[in-house]
Structure formats: structure tokens, C-alpha cells
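Values in this text are rule-based calculations from the coordinates and carry no lab data. These numbers were taken from a predicted model, which means no experiment stands behind them. Virtual Cβ from ideal backbone geometry, glycine too; neighbours counted across all protein chains shown.
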């Protein structure tokens, strides 16, 4: 596939990307701030768009948003469907559908999550979730 | 910035990424199918999520969606705000707010657009737009 490479020190697999994506949702479901800190890259250019909201930029603002979400105890149960991994050398992205259950209410969102391979581990650099219309 | 590289044959600039992003919105505004064809990579792993909809995958389905949108003559006027470019070697992504005016109605969406540097030109490999809530 055009541009698809996995060679030398950046050798990896789609499964490793998928595992990084799963770790993000495990941290979200568990309200696990330490897990969330571990999942993300901590650079100035990370970005996080919660459903319906404009993107937050830079690790401090992204971290604050998770602290607020977890403090509100409103974090949802999430069932992922329709996951699709695309991987290039050093960067990968995952699309998936987030099926969320929170306080008895359901919602679905389409997510695009970008990961960067840093020191051999895929770290989240962008999370972008948009609400899905129920057709 | 960690991971930020631009060397050798993959030398590029944020401005070139921004220009590729602008070309996408010019094609969208103009209902310009040829322009849209030129903007996108044509691989099996390109993905396109229109606001509120799950992602389409692969160039044939993505192309069909633009054909349908343009045939309906419902393509909007788009004013981009809050654009932010993140660039790595061979892959870049842009977040921006799409302020759309169509048939007298306004809507805003948060977009994350991923581009791949192919033969010296940034081609779109993922477009992901989610509706923004009006606060």
C-alpha cells in the first residue's frame, strides 16, 4: 500500500496501534487519570476535541479537560465498533465508533485518533470525536 | 518539537500543508469534483466522515460521496477559522473550524484533516468533520 512502511527502529504492527487506542478508552471508561496521562504524548501540539466542542491544544489544556471530566464522575461506558487502523512510518490513525452509555443515556460519536511512535510506544497526539446523528 | 522533522526528499513546510487544506475547501465550496479528485489520495485506506455520519473508507466510496453531494447542489460556502497545522515526516494533520452557510442556514463543524506527502505533494488521506454544538 502506497506509503505504508514499517522498517528499522520504527517497526510496529497495526495491533500495537489498536492496543494504544484501546488503552485510551480503558482510561476514559475507568476515569483513570494516570492511564490517560500514560496514553497521551505531552507535547505542545497535541489536540483533543470532545464531541461537539472545538479542539483543545497543548498537553496542559488537554490534561485539564480530562481532570474536569473525571472529577464530574460523568465518564461513560464505551463500546467501540467499526475500528479501522491506518499506519505509516511513525504515525498512525484509528477511526472508530464510540457507543457511549452514561447515566442511563446513550450517545454515539465518530472518532479519529492519531498516534505517534515515540521511543517504541504509540502515544496519542490527537483525539477528535464528533457526535453521530441517529438516522 | 518532539518528532518534528523535515529533511531530505520529504522537506516541506506548514504553509504547503495549509495550502493543501485550503484546496480541499475550495473544491468543496465550488462543487469542483476535479479539484476534489486532485486533493485526495486515491488509496484503499482513505477515509471521509461527513458531519454526523460514520466514516466512508476507500477512494471509490469517498469519491461517490462527493459526487452525490455536488450533484445535490447543496455544497456550502465555508469560512475556515482556527486552523492549526501539525507536521511530521511525510504525514501532517490540520484542525480547523468550518463555518458553513448553505441555503440560508449556518452550521459549524470541527474538522481534522490528515495529509500524506506523496511524490512531493500533500494529498488528503482522511477528512473527519464533526458538528459543533452552539453553546
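Relative to the longest principal axis of the C-alpha atoms of chain A, give the angle of the C-alpha long axis of helix A:59-71, reported between 0 and 90° and rounded to the nearest 10°.
That helix lies at roughly 40 degrees to the long axis.
Relative to the compact-globule scaling 2.2 N^0.38 Å, provide the ratio for the alpha-carbon radius of gyration of the protein assembly as shown.
Computed over Cα atoms of the protein assembly as shown, the ratio equals 0.96.
Restricting to DSSP H runs of at least four residues, report the calculated mean residue ellipticity at 222 nm for the protein assembly as shown, -39500 (n - 2.57) per run over all residues, nearest 500 deg cm²/dmol.
Counting only the DSSP helices, I get -8500 deg cm²/dmol.
Subtracting the Cα-Cα distance from 0.36 nm times the residue separation, let me have the gained length for residue A:133 to residue A:83 in nm, one decimal.
Difference between extended and current length: 16.2 nm.
Out of every Cα pair in chain B, what percent are spaced more than 21 Å from each other?
Working: 3545 of 9045 pairs.
Taking all Cα-Cα pairs of chain B, the fraction more than 21 Å apart is 39 percent.
With Kirkwood's inverse mean 1/r over C-alpha pairs for Rh, give me the Rg to Rh ratio of region B:57-113, two decimals please.
Ratio of gyration radius to Kirkwood radius: 1.05.
Going by the rotation axis that takes chain A to chain B, pick out the residue of A with the closest C-beta and quote the gap in whole Å.
So the closest residue, with its distance, comes out as A:130, 1.
Any idea what the residue A:71 label distances to the other copies are, label 7 Å down the Cα→Cβ vector, nm, shortest first?
With the label placed 7 Å along Cα→Cβ, residue A:71 yields 5.2 nm.
Find the relative contact order for region B:8-131 and round it to a whole percent, using C-alpha pairs within less than 8 Å whose residues are 6+ positions apart.
That works out to 27 percent.
For a footprinting-style exposure proxy, rank B:53, B:88, B:103 by other Cβ within 10 Å, fewest first.
Placing the least packed residue first, the sequence is B:103, B:53, B:88.
For residue B:33, place a label point 7 Å out from Cα along the Cα→Cβ vector, do the same in each other copy, and report the separations in nm, one decimal, smallest first.
For residue B:33, the other copies' label points sit at 5.4 nm, shortest first.
Can you list the distances in nanometres, one decimal and ascending, from the residue A:107 label point to the identical position in each other copy, with the point 7 Å along Cα to Cβ?
Taking the point 7 Å beyond Cα along Cα→Cβ, the inter-copy spacings are 1.8 nm.
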